[in-house]
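Have a look at the structure below before the remarks.
The values are calculated or read from the model by the stated rules, or taken from the named source; none is laboratory data. Keep in mind the model is a prediction, meaning the values are calculated, not measured. Here the Cβ is made from the backbone with ideal geometry for all residues, glycine too, and neighbour counts use every protein chain on show.
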Amino acid sequence: MKKPHWVDALFSKKSYLRDDGSFHVRKLLFRTFIAMLFIFTLYFIGYRIYSGLGLDENVVVQTFIDDFGVLGVALYVFIVDLFVLPLSVDLMWPFVLEWHPLMIIAVMGTASVAGAFCAYLFGRLVGLIPVFRKWVLKQSGTHTETLITKYGIWAIVISGLTPLPFSTICTVAGIVELKVHHVLLSSLIRYVRMGIYYLIFAGLIVIG
């Protein structure tokens, strides 16, 4: 079955790039808005159903924390931002909103930065082996290398705030050998991202 043209236009990894490799800002912002709206809509619907059933969210959250704790949340975020997986760190929000805001941002932000930096180190290692370097760059797509080449660490900053493939971009940043301290500093944007998403998810709880 052939995918509709609008699906490719909206979700294709190349849809946010112009022919010269620069960002198509309007498309990127629109794509970010759609992705956030989708995540928040699913969360809001789930929360309303959950509340409508009269379930005690404190019991569920406490059970999760008792079973997995801070380490479990941190490990999940670390793995998601280290490997290229069809998962999102945002799946953790329903389980951590009972925590203190600073704790949430510290745990998820630190785990995300650690995962991104390890992805970068993995890229540096892969870059030393020509056959692996070529394969990884091919799998990540020429658009990713183009972004890193054109924007440098700003590609990491932008991907840290938008639906761009964060772990992939960090890995390619390692392959093309961006400076270590630049990558580490730019990945700190994930703390900002976690703070923004916390405010939005917490706001949904208040509205709900």
The range 117-137, residues that are among the aliphatic types (A, V, I, L, M) and over 23 Å from Ile153 (Cβ atoms): Ile129, Val131
From (1) at pLDDT 90 or above; (2) farther than 17 Å from Phe117 by Cα, pick out the condition that doesn't hold for Thr149. (1)
Scan Ala202, Ala116 and give me the residue that is more than 25 Å from Pro86 (Cβ to Cβ), of a type in the set (A, V, I, L, M) and in contact (Cβ under 8 Å) with a residue 60 or more places away in the chain. Ala202
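For the range 81-132, how many residues are among the small types (Gly, Ala, Ser) and in a loop (DSSP other than H, G, I, E, B)?
In the first step, residues of the range 81-132 are kept if they are among the small types (Gly, Ala, Ser); the result is 88, 106, 109, 111-112, 114-116, 119, 123, 127.
Okay, now just the ones that are also in a loop (DSSP other than H, G, I, E, B), so 88, 127.
Adding up the residues that qualify gives 2.
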Could you tell me which numbered condition Ala111 fails, if it satisfies all but one of (1) within 20 Å of Phe83 (Cβ to Cβ); (2) modelled with pLDDT under 95; (3) of a type outside the set (Lys, Arg)? (2)
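Table: residues versus (1) among the small types (Gly, Ala, Ser); (2) loosely packed, with under 15 Cβ neighbours inside 10 Å; (3) under 24 Å from Met92 (Cα atoms).
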{"residue": "Gly123", "(1), (2), (3)": "yes, no, no"}
{"residue": "Ile129", "(1), (2), (3)": "no, yes, no"}
{"residue": "Lys138", "(1), (2), (3)": "no, yes, no"}
{"residue": "Ile158", "(1), (2), (3)": "no, no, yes"}
{"residue": "Pro163", "(1), (2), (3)": "no, no, yes"}
On the given criteria, is Thr146 buried (at least 17 other Cβ atoms within 10 Å of the Cβ) and within 21 Å of Val192 (Cβ to Cβ)? no
Only listed residue being modelled with pLDDT of 90 or more, among the hydrophobic types (A, V, I, L, M, F, W, C) and over 20 Å from Gly195 (Cα atoms), chosen from Leu102, Leu121: Leu121
